[in-house]
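Peer 1: What follows is a structure written as structure tokens; I'll ask about it next.
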Amino acid sequence: MKFTGAQIIVKMLEMYGIKTVAGIPGGMILPLYDELSRSSIRHVLVRQEQAAGFIAQGIARTTGKPAVCLATSGPGAMNLLTSIADARADSVPIIAITGQVNTTQIGTDAFQEADTFGLSFPITKHSMMVKSPEELLEAVPKAFEIAVSGRPGPVLIDVPRNVQTALCEFEKWPEIKNKKSDNIRFKTPAFQYSVKIEKIVELLANAKCPVLFCGGGCNSEEASVEIKNFLQIYKLPVITSLMGIGCIPSNSDLYAGMVGMHGNHAANVAMHDSDLIVAAGVRFDDRATGDVNKLCPNAKVVHIDIDAAEVDKIVDSYISVIADVAVVFSDIVKIAAAKSIKADEKWLNKIKKIKAENTSIECGRPKGEKLSNPREIISKTPELAGECGLNYSDLIITTDVGQHQMWVAQYYPFESPRTFLTSGSLGTMGFGLPAAIGAAIGCPDKRIVCYSGDGSILMNIQELATLAEQNLPVTVIVFQNGTLGMVYQQQKYLFAKNYSASVFAHQPDFVEIARGFGIEAVDADCDPQWYKKAFDTNRKNKPCFVKVSVDPEELVLPFVSGGKANIDSIRN
């Protein structure tokens, strides 16, 4: 049988179950788009390629399955790079397929030529340039396998235009492997694994102040189930990184909160005062640790991670296990249950008391005349949506980056994994709206709520056009304070209130802008019943935009300044 390179790509995407791709066509990827128009795959036309990558992330983050984005050569591929780097940083399995100039023109500075392979190599899990259509038969399956095996991440395939049009003759299609590969590099050998699990249980049995620290590697249905099973037999304080939020319900008596620069004080105290930290699927990044030397001075660290490169990189481990988090907790439960080990209730009660005394939606509020309290709106979102007929489980949350992101992390009552989508490690403003579009595509029965700020929303506001075209159930809530809020706050504390380039001189009318894109919009400052439009079940499949004015002096507290220990936070 004979197929062109473009036909091979489209056919194999269909074979891998890809239903939707996002992108923008351009000269060097037109042959692929020509074939795409005759396929079963839905194409979402974005207004800037970065958004295509974030839409793919929204699909992948909610479903746990790889998603695909497309871009043409040169500026198209380069626009896509930020979203690829973001996926790499947060371990999201996306596959980017980019067009490239003809193989005979590579290196000649041809029109819209850029070294996509070279530029993408440091920010992908794997990057490939194919030189013939035959190579695609191996490259596409390899991309899907690499994206989801071990620690997930983005894979890029750069395809010259003449490779897309060239014919290839072959006998049969490659075997499609939709199951996640068990291949984990540097996995703890079986003969060491069982010994280490026994030692971990022994450490738990003897610990007086143990803590479970969960990161993004725990934020899956499989890991969440096994962690909950573990917590049924061994009750200890649980803290999370930003990316770990949702792995256990935030209303659990065991959940102390997010740790780090803007983490709950109880979580930071639990980490500092612990004598044993079971760290699962975490990187110990700087925003979570503060001064590493003062993070947990008296604790032994058990580090469980699927990526060997993260172990002993920042914090030395007493015991390390390179394996899937879900599998490890399943095995810990078997041994711990048999030995009937218990945690110290006094320690747990101490952390619960600290949390109760240091958590309030009034934390960080300015004195004097007050506009809307963003923490209250965030914390009550499920309740407000419930008044409109939506169940808690009907909601998925995305954020952009800034103060609103931290307020969501601190105050939104998350109950399950894959319901909080945010740019964690790279911290990319402009993530929230296109990620919400992707989440709505990946989970069509959900209402997606995107929290943003007046700084972040302008980074990809053009995607309101995409949202209007797709007519998806996305509610965008923008907190408008006239500043780059997080920058403004750091300048307040660290630069003697020298607000350099952090205050906007002009304020756009976001409500009118949204309406101009064809989206129903409401000004919460004027309409106290705004949520009835935002979550109206009679408009279940339609978007809505909400603007909320907040005081620029609204702060994200606690706040740990650079070089300080997490327990030395500013809390009022």
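Peer 1: Under 8 Å for C-alpha pairs, at least 6 residues apart: give me the relative contact order for the chain, rounded to a whole percent.
Peer 2: So the answer I get is 14 percent.
Peer 1: If you don't mind, another one. Using only Cα atoms, locate the centre of segment 501-526 and the centre of segment 20-81, then give the distance between them in Å, rounded to an integer.
Peer 2: 28 Å
Peer 1: Could you work out the local net charge near ILE335, counting Lys and Arg as +1, Asp and Glu as -1, over the other residues with Cβ closer than 10 Å to its Cβ?
Peer 2: Summing Lys/Arg as +1 and Asp/Glu as -1 gives -1.
Peer 1: Follow-up question, since we're still on this one. What is the local net charge at PRO249, summed over the other residues whose Cβ is closer than 11 Å to its Cβ (Lys, Arg +1; Asp, Glu -1)?
Peer 2: Around PRO249, the charge tally is -1.
Peer 1: For segment 48-136, state the average projected area of the convex hull of the C-alpha atoms over all orientations, rounded to one decimal in nm².
Peer 2: If you wrap the Cα atoms of segment 48-136 in a convex hull and average its projections, you get 5.7 nm².
Peer 1: Still on this structure: How big, on average over all directions, is the shadow cast by the Cα convex hull of segment 309-353, in nm²? Mind showing how you got there, number by number?
Peer 2: Working: hull surface 19.7 nm².
In nm², the orientation-averaged hull projection of segment 309-353 is 4.9.
Peer 1: Based on DSSP, what percent of beta bridges with both residues in the chain are antiparallel, to the nearest 5?
Peer 2: Percentage antiparallel, nearest 5: 5.
Peer 1: Let me ask you something else. Would you work out if segment 414-470 is rounded, prolate or oblate? Take a ≥ b ≥ c from the square roots of the eigenvalues of the alpha-carbon gyration tensor; rounded if a/c is under 1.5, else prolate when a/b is larger than b/c, oblate otherwise.
Peer 2: In terms of gyration-tensor shape, oblate.
Peer 1: Kindly state, to the nearest 0.05, the FRET efficiency for ASN102 paired with PHE186, given R0 = 30 Å and r defined as their beta-carbon distance. Don't jump to the answer; show the numbers that get you there.
Peer 2: Numbers: r = 40 Å, r/R0 = 1.34.
Rounded to the nearest 0.05, the efficiency is 0.15.
Peer 1: Keeping to pairs on different chains or 8 or more places apart, tell me how many lysine pairs in segment 374-549 have Cα atoms under 30 Å apart.
Peer 2: Eligible lysine pairs with Cα atoms under 30 Å apart amount to 19.
Peer 1: Once you place label points 7 Å from the Cα toward the Cβ at LYS142 and ASN229, how far apart are they in nm?
Peer 2: Placing both labels 7 Å along Cα→Cβ, they lie 3.7 nm apart.
Peer 1: At what distance in angstrom do the alpha carbon centres of segment 417-455 and segment 170-225 lie from each other?
Peer 2: Using only Cα atoms, the two centres lie 27 Å from each other.
Peer 1: From the C-alpha coordinates alone, can you work out the Kirkwood hydrodynamic radius of segment 190-358, in Å?
Peer 2: So the Kirkwood estimate lands at 15.5 Å.
Peer 1: In what sequence do GLU362, GLU310, GLU376 fall when counting other Cβ within 10 Å, fewest first?
Peer 2: Values: GLU362 10, GLU310 22, GLU376 14.
With the sparsest Cβ surroundings first, the list reads GLU362, GLU376, GLU310.
Peer 1: Loop only by DSSP, 13 or fewer other Cβ within 10 Å of the Cβ. Give me the trypsin sites (Lys or Arg not before Pro) in segment 31-83 that pass, ordered by residue number.
Peer 2: ARG38
Peer 1: Using 16 Å as the cut-off for backbone N distance, which residues of segment 137-177 belong to the label zone defined by a point 7 Å from the Cα of ALA309 along Cα→Cβ?
Peer 2: So the set is 146-156.
Peer 1: Suppose the chain between PHE504 and ASN538 were pulled fully straight at 0.36 nm per residue; how much longer would it get relative to their current alpha carbon spacing? Could the numbers behind the result be given before it?
Peer 2: Working: separation 34, 0.36 × 34 = 12.24 nm, distance 3.71 nm.
Once the chain is fully extended between PHE504 and ASN538, it gains 8.5 nm.
Peer 1: As an exercise, identify the trypsin sites (Lys or Arg not before Pro) in segment 467-530 lying in DSSP coil whose Cβ has no more than 15 other Cβ atoms within 10 Å.
Peer 2: Here the sparse-neighbourhood loop sites are LYS497.
Peer 1: Considering amide H positions built from the backbone, and no H for Pro or chain starts, which residues 5 or more places from VAL321, or on another chain, come under 5 Å of its amide H?
Peer 2: HIS303, ILE304, ASP305
Peer 1: Subtracting the Cα-Cα distance from 0.36 nm times the residue separation, let me have the gained length for ASP286 to ASP568 in nm, one decimal.
Peer 2: Contour length minus the Cα-Cα distance gives 100.0 nm.
Peer 1: Now for a separate question. So what is the diffusion coefficient of segment 1-71 in µm² per second by Stokes-Einstein at 25 °C and 0.890 mPa s, using a Kirkwood Rh over Cα pairs?
Peer 2: Estimated diffusion coefficient is 197 µm²/s.
Peer 1: Translational diffusion coefficient of segment 2-169 at 25 °C, 0.890 mPa s, Stokes-Einstein with Kirkwood Rh over Cα pairs, in µm²/s as a whole number.
Peer 2: In µm²/s, the coefficient rounds to 161.
Peer 1: List CYS544, CYS363 from most exposed to least, where exposure is judged by having the fewest other Cβ atoms within 10 Å.
Peer 2: Neighbour counts put them in this order, fewest first: CYS363, CYS544.
Peer 1: If amide hydrogens are placed 1.01 Å from N in the peptide plane, which non-local residues have theirs closer than 5 Å to the one on CYS544?
Peer 2: VAL474, THR475, VAL476
Peer 1: Which order do PHE117, PHE186, PHE284 fall in if you start with the one that has the fewest other Cβ atoms within 10 Å?
Peer 2: PHE186, PHE117, PHE284
Peer 1: A follow-up question, please. If I take the Cα coordinates of segment 374-549 and project them onto the principal axes, what are the three extents in Å, biggest first?
Peer 2: Answer, in whole Å and largest first: 49, 35, 30 Å.
Peer 1: Could you pull out the GluC sites (Glu not before Pro) across segment 130-237 that fall in loop regions by DSSP (anything but H, G, I, E, B) with no more than 15 other Cβ atoms inside 10 Å?
Peer 2: When the GluC sites (Glu not before Pro) of segment 130-237 are filtered for loop state and at most 15 Cβ neighbours within 10 Å, GLU171, GLU175 remain.
Peer 1: Moving on. How large is log10 of I(q)/I(0) for the chain at q = 0.07, 0.08, 0.10 Å⁻¹ when the intensity is taken from the Debye formula with one equal scatterer per alpha-carbon?
Peer 2: Computed log10 I(q)/I(0) values: -0.43, -0.56, -0.87.
Peer 1: Something else: So for segment 304-429, considering every pair of alpha-carbon atoms, how many percent are separated by more than 18 Å?
Peer 2: The proportion of pairs with Cα distances above 18 Å equals 73 percent.
Peer 1: Note down the nm distance, to one decimal, between modelled labels 7 Å out along Cα→Cβ at GLN490 and at GLN462.
Peer 2: 2.7 nm
No value in this document is a laboratory result; all are computed from the given coordinates. Note that the structure is a prediction, hence the values are computed from the model and not measured. Note: ideal-geometry Cβ built from the backbone for every residue, glycine included; neighbour counts use all protein chains shown.
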